[in-house]
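The values are calculated or read from the model by the stated rules, or taken from the named source; none is laboratory data. Predicted, not measured: the structure shown is a model, and the values here were computed from it. Glycine also receives a Cβ, built like all others from the backbone with ideal geometry; neighbour counts cover every protein chain displayed. The accessibility values were calculated without ligands, DNA or RNA, using every heavy atom of the protein model including side chains. Shrake-Rupley method; radii C 1.70, N 1.55, O 1.52, S 1.80 Å.
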Amino acid sequence: QHPEDDGPDPEKHCGHGRGGMGEEVSRKEDKRFITGRGDYVDDIKKPGMLHCEIVRSPHAHARIEEIDGSRAMAMDDVVAVLTADDLLEHDLATMPTLMDDTQDVLVNDKVKFQSQEVAAVIAKDRYAAKDGAEKVEVEYDVLDPVVDAEEALKEDAPLVRDELEDQEDNHIFDWDTGNEEETQRAFDAADVTVEEDMEYQRLHPAPIETCGAVADWDPGKDKMTVHMTSQAPHAHRTLFSQVSGIPEHKVRIVSPDVGGGFGNKVPIYPGYVVAAAASYVLEQPVKWVEERSENIQTTGFARDYEMTGEIAATEDGEIEAVRVDVLANHGAYNAAAQPSKFPAGFFNIFTGSYDIDAAYGSLTAAFTNTAPGGVAYRCSFRVTEAVYLIERMVKVLADELDMDPTEVRRKNFIPSDAFPYESATGWNYDSGDYEKALDKALEMADYEEYREEQRRRIENDADKLLGIGVSSFTEVVGAGPGKQCDIAGIEMFDSADLRVNPTGNAVLRVGVQTQGQGHETTFAQIVAEELGMDVDDIVVEHGDTDTEPYGLGTYGSRSTPVAGAAAAVAARKVRDKAKSIAANELEAAEEDIEWDRESGEFHVAGAPDRSITITEIAAGAFMNHPDQEEPGLEATNYYDPPEMTYPFGSYVVVVEVDRETGEVEFEKFVAVDDCGNRINPMIIEGQIHGGLAQGIGTAMLEEVTYDDNGNVTGGDFMNYLLPTANEIPNFETGHTVTPSPHHPIGAKGVGESPTVGSPPAIVNAVTDAMSHAGVSHVEMPMTPDRVWKTLSEHGLDI
Ligand code: MCN
Ligand code: CUN
């Protein structure tokens with residue numbers, strides 16, 4: 001995959017002051033963000049631009065009898081009212097989802113979830129479009145909806161997808177993994193078995209920026225340019241081209257600055273297609289930007305798994321088998337944004353950090369009258385759900401055996417010398433050292449002292465109980481390899497294109513798309529490290545399909561594992577050519593030229609003073625290129641990873657539970673993460689803080705809920721509770737470094753780890769406060785009323 005190179009050594013100081021690996025380089029992008037010069041989709045204004053407002057269904061399940069747009073059309077600034085009939089003319093009434101389902105762009109026959117797209121009003125300004133949308137009259141024949149997956153699978157449930165020929169019920173698919181018989185045998189023979197039901201509630205990714213697009217059809221060039229909020233511009237261009245029939249080279253997708261993605265911006269939404277269709281028909285640019293409630297109510301949601309976990313173990317806590325059964329609510333369409341061969345995402349990593357011989361998982365997915373989705377919100381394609389399951393179950397087992405949960409973990413960890421390790425469900429873990437991370441976290445958290453304090457409080461019948469929760473999670477990020485992972489058939493590789501200019505600075509173009517993760521800084525650091533350049537001399541460009549090399553986009557924490565590897569390899573290719581130029585400039589043989597990572601310079605072997613910098617080499621490449629080489633200094637790499645990367649961590653959470661009110665307060669929050677070699681510790685820290693906040697939101701506050709009529713009851717930020725600074729404790733972060741053996745710079749991803757790893761630690765802490773009274777589980781979000789109810793059911797309330 002890349003020229004032989006051991007890469008940076010984590011033991012040594014990296015970066016060498018030029019802003020390479022391991023340095024806390026300030027974020028290059030922040031200057032424009034904090035001075036109000038960001039360039040978001042809604043900032044784009046084009047001459048003659050029209051505005052699109054979507055008319056949405058107030059009902060969750062209803063047949064459309066008639067749509068009358070005449071009153072809207074009669075308004076002054078309204079230019080057009082579009083319905084499914086108009087789109088049918090252009091074959092755009094439906095679009096494929098990422099899981100090969102077909103979703104209505106505008107509803108043709110039957111509304112399947114509340115706020116589904118029914119019609120679109122195009123007007124000269126946004127206000128006129130909104131006023132017009134209110135004047136569109138739609139006659140509905142309201143039907144009974146079903147919003148719950150279990151209800152949806154009952155025989156007399158309303159049929160969500162009656163337009164599908166073979167669909168007689170709301171069942172989408174069954175999926176399983178592992179070895180059922182072997183697992184059953186282990187359960188039959190086990191000393192101890194435990195079982196727990198748990199729900200991972202539906203969540204909303206909640207980026208600051210909602211989804212939007214400015215579509216601009218140019219009839220002179222036959223070219224469609226769409227500025228859109230996209231986590232995957234190239235993949236979206238391919239899909240746009242396939243759906244619209246416009247040849248791919250005549251479609252340009254631009255993702256300018258993106259104000260947060262969190263998985264929300266991986267799917268294609270009807271609004272994008274409507275804007276493009278309207279621009280095509282009207283031959284004017286059309287802007288569509290969602291409002292907050294539209295985003296909350298219709299955008300790709302996260303989770304919604306009802307799980308039953310079971311563990312079979314010996315009396316001294318050795319786990320022999322794990323089994324899990326899941327009921328998944330996929331909403332009205334099967335539209336989870338994940339590699340197409342993984343209908344349950346990467347959920348089958350549910351054996352976690354443990355060496356477990358037998359495992360079996362089964363899952364049933366159902367259609368309901370709710371918005372589609374399932375994979376979003378820092379989930380690593382459902383590793384969130386898997387980690388929650390196993391980390392909760394280990395605690396349930398520890399309670400059953402009256403053992404310390406950290407002892408159970410230690411007993412079962414995959415030993416650090418067992419890597420590469422193949423799990424019972426077929427995952428190939430690249431590297432890990434789980435005990436080291438746990439030791440560090442326990443030490444940072446004063447674990448033993450808190451255990452003492454916990455005992456004291458129980459003995460003294462204190463008003464506030466203490467709970468200590470641990471999670472030792474393993475992540476899997478960095479999809480491909482392309483043969484295993486694809487989006488709509490396109491293999492999940494990624495790319496980087498590095499061009500050094502005659503004056504010695506460089507432009508790196510990447511196929512991934514940052515939404516706040518700081519790629520403009522960290523990717524420049526990779527090049528600085530691998531080429532000895534100064535980080536300020538490298539500019540990173542992304543998000544324009546006309547200029548960037550093809551890439552699959554940013555999600556599943558894949559940017560560093562895949563595009564980061566491509567950037568390193570491209571830089572090394574440039575370095576190889578640089579050697580030839582250095583030889584020419586220094587009048588030495590190419591084999592005698594060595595590159596020194598520390599100084600970043602090229603010199604003649606045995607004569608360190610005969611050296612030359614990359615800036616001088618760049619000049620040589622353009623002004624005095626060697627005869628045997630092409631002029632210029634650039635390289636491209638398309639990187640198909642041989643394997644995914646397996647970051648991990650140990651989190652320790654200490655909470656106080658108020659027996660009178662059920663309120664939970666964080667006393668301590670320790671997070672030790674291992675993402676292999678670290679590019680920018682400050683950016684990693686930021687990723688971890690944000691991810692932990694989202695984990696706290698998950699465990700304590702957030703849930704998308706529906707009433708029996710299918711109304712979204714948490715459809716705004718008054719009801720869908722995001723954590724604010726008030727709810728967030730002081731985080732104490734630490735790290736260990738276990739490099740990925742197959743990644744050119746030894747890095748693993750980190751963006752999703754904290755959201756994946758923290759919810760079980762928090763729930764483990766709250767249940768731990770009450771486990772002496774027999775509490776084995778509290779469902780998320782652990783609101784005070786829920787916790788109080790649990791306290792009172794177990795005689796702990798005062
Ligand atoms: N990094 C590093 N050293 C490492 C690993 C990562 O310095 N060993 C840096 C990276 O170079 C990058 C950042 O940390 O600047 C995150 O890297 P990575 O783990 O590769 O994740 P991605 O860049 O692919 O980001 C995706 C991930 C996902 S899937 C979600 S969801 C999420 C997350 O990132 N969405 C985010 N973090 C987010 N942060 C912000 N601000 N906004 C979002 O929408
Ligand atoms: Cu699962 S949310 Mo991120 O992969 O974009």
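Limited to region 677-706, what total is found for residues that are open to solvent by less than 50 Å² (accessible area, probe 1.4 Å), over 15 Å from Met780 (Cα atoms) and in a loop (DSSP other than H, G, I, E, B)? Of the residues in region 677-706, 3 are open to solvent by less than 50 Å² (accessible area, probe 1.4 Å), over 15 Å from Met780 (Cα atoms) and in a loop (DSSP other than H, G, I, E, B). Any chance region 403-410 includes a residue that's over 23 Å from Thr308 (Cα atoms), in the same structural domain as Gly676 (by TED's automatic domain parsing) and open to solvent by less than 10 Å² (accessible area, probe 1.4 Å)? Scanning region 403-410, I find no residue that is over 23 Å from Thr308 (Cα atoms), in the same structural domain as Gly676 (by TED's automatic domain parsing) and open to solvent by less than 10 Å² (accessible area, probe 1.4 Å), so the answer is no. Contact map, region 494-519: residues that are closer than 27 Å to Thr613 by Cα paired with residues that are within 13 Å of ligand 2 (Cβ to nearest atom), Cβ distance under 7 Å, separation 6+ or inter-chain. Pairs shown: His519/Val512; His519/Ser559. None of Glu541, Glu585 is open to solvent by 40 Å² or more (accessible area, probe 1.4 Å) and either within 16 Å of ligand 1 (Cβ to nearest atom) or modelled with pLDDT under 95 (or both) except Glu541.
Kindly establish whether Ala386 is assigned to a helix (DSSP H, G or I), in contact with a strand residue (DSSP E or B) (Cβ under 7 Å, 6 or more places away or on another chain) and within 16 Å of ligand 1 (Cβ to nearest atom).
Numbers: assigned to a helix (DSSP H, G or I): yes; in contact with a strand residue (DSSP E or B) (Cβ under 7 Å, 6 or more places away or on another chain): no; within 16 Å of ligand 1 (Cβ to nearest atom): yes.
Here the answer is no, as Ala386 does not meet what is asked.
Contact annotation: residue pairs with Cβ atoms under 6 Å, 6 or more positions apart or on different chains, pairing a residue in region 278-302 that is closer than 10 Å to Ala371 by Cβ with a partner that is modelled with pLDDT of 95 or more and of a type in the set (Lys, Arg), are Phe301/Arg202.
Within region 184-216, the set of residues being assigned to a loop (DSSP other than H, G, I, E, B), of a type in the set (A, V, I, L, M) and away from ligand 1 (no atom under 16 Å from the Cβ) comprises just one member, Ala190.
So if I check each of Gly690, Gly774, which one is out of contact with any Ser or Thr (no Cβ under 8 Å at 6 or more places or on another chain), away from ligand 1 (no atom under 16 Å from the Cβ) and modelled with pLDDT of 95 or more? Lay out the reasoning, then the answer.
Working: Gly690 fails: away from ligand 1 (no atom under 16 Å from the Cβ).
Criteria check complete, one pass: Gly774.
The single condition among (1) open to solvent by 10 Å² or more (accessible area, probe 1.4 Å); (2) within 30 Å of Pro158 (Cα to Cα); (3) within 16 Å of ligand 1 (Cβ to nearest atom) that Arg378 does not meet is (2). Does Thr738 meet the test of being closer than 30 Å to Ala563 by Cβ and part of a loop (DSSP other than H, G, I, E, B)? Yes; evaluated as a whole, the condition is true for this residue.
Of all residues in region 768-786, those satisfying the criterion of being part of a helix (DSSP H, G or I) and buried (at least 24 other Cβ atoms within 10 Å of the Cβ) are Asp768, Ala769. Out of Thr698, Thr767, Thr755, Thr736, which single residue is closer than 22 Å to Glu660 by Cβ, in contact (Cβ under 8 Å) with a residue 40 or more places away in the chain and in the same structural domain as Leu389 (by TED's automatic domain parsing)? After ruling out the rest, the residue left standing is Thr767. In this structure, Ala189 does not satisfy being surrounded by 19 or more Cβ atoms within 10 Å (Cβ to Cβ) and away from ligand 2 (no atom under 16 Å from the Cβ).
Residue-by-condition table, conditions (1) open to solvent by 10 Å² or more (accessible area, probe 1.4 Å); (2) in a helix (DSSP H, G or I); (3) not basic (Lys, Arg):
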| residue | (1), (2), (3) |
| --- | --- |
| Pro502 | yes, no, yes |
| Gln525 | no, yes, yes |
| Asp546 | yes, no, yes |
| Leu552 | no, no, yes |
| Pro561 | no, yes, yes |
| Ala565 | no, yes, yes |
| Arg572 | no, yes, no |
| Lys577 | yes, yes, no |
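Close Cβ contacts (under 9 Å, 6 or more residues apart or on different chains) running from residues in region 70-85 that are within 14 Å of Leu106 (Cβ to Cβ) to residues that are of a type in the set (S, T, N, Q) and not in a strand (DSSP E or B) comprise Val81/Ser70; Thr83/Asn108; Ala84/Asn108; Asp85/Asn108. Within region 241-272, if we keep just the residues that are more than 16 Å from ligand 2 (Cβ to nearest atom), open to solvent by less than 10 Å² (accessible area, probe 1.4 Å) and touching a Ser or Thr at 6+ places or on another chain (Cβ under 6 Å), the residue that is nearest to Gln517 (Cα to Cα) turns out to be Ile253. Just one of the listed residues (Gly516, Gly564, Gly553) is away from ligand 2 (no atom under 14 Å from the Cβ), within 24 Å of Gly686 (Cα to Cα) and either outside the structural domain of Lys250 (by TED's automatic domain parsing) or of a type outside the set (D, E, K, R) (or both), namely Gly564.
Residue-wise test of (1) within 16 Å of ligand 1 (Cβ to nearest atom); (2) among the small types (Gly, Ala, Ser).
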site	(1), (2)
Pro267	yes, no
Ala277	no, yes
Lys287	no, no
Asn295	yes, no
Arg303	yes, no
Met307	no, no
Asp316	no, no
Ala321	no, yes
Ala332	no, yes
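The listed residues are Arg27, Arg37, Arg71, and the only one of them that is crowded, with 16+ Cβ neighbours inside 10 Å and more than 29 Å from Val147 (Cα to Cα) turns out to be Arg27. Within region 504-516, take every residue that is within 19 Å of the chain's Cα centre (by Cα) and either hydrophobic (A, V, I, L, M, F, W, C) or surrounded by 24 or more Cβ atoms within 10 Å (Cβ to Cβ) (or both) and give me the one that is nearest to ligand 1 (Cβ to nearest atom). Among residues in region 504-516 that are within 19 Å of the chain's Cα centre (by Cα) and either hydrophobic (A, V, I, L, M, F, W, C) or surrounded by 24 or more Cβ atoms within 10 Å (Cβ to Cβ) (or both), the one nearest to ligand 1 (Cβ to nearest atom) is Gln515. Name the residue that is nearest to ligand 2 (Cβ to nearest atom), counting only residues in region 485-513 that are of a type in the set (D, E, K, R) and touching a strand residue (DSSP E or B) at 6+ places or on another chain (Cβ under 7 Å). Restricting to residues being of a type in the set (D, E, K, R) and touching a strand residue (DSSP E or B) at 6+ places or on another chain (Cβ under 7 Å), the top hit is Asp494.
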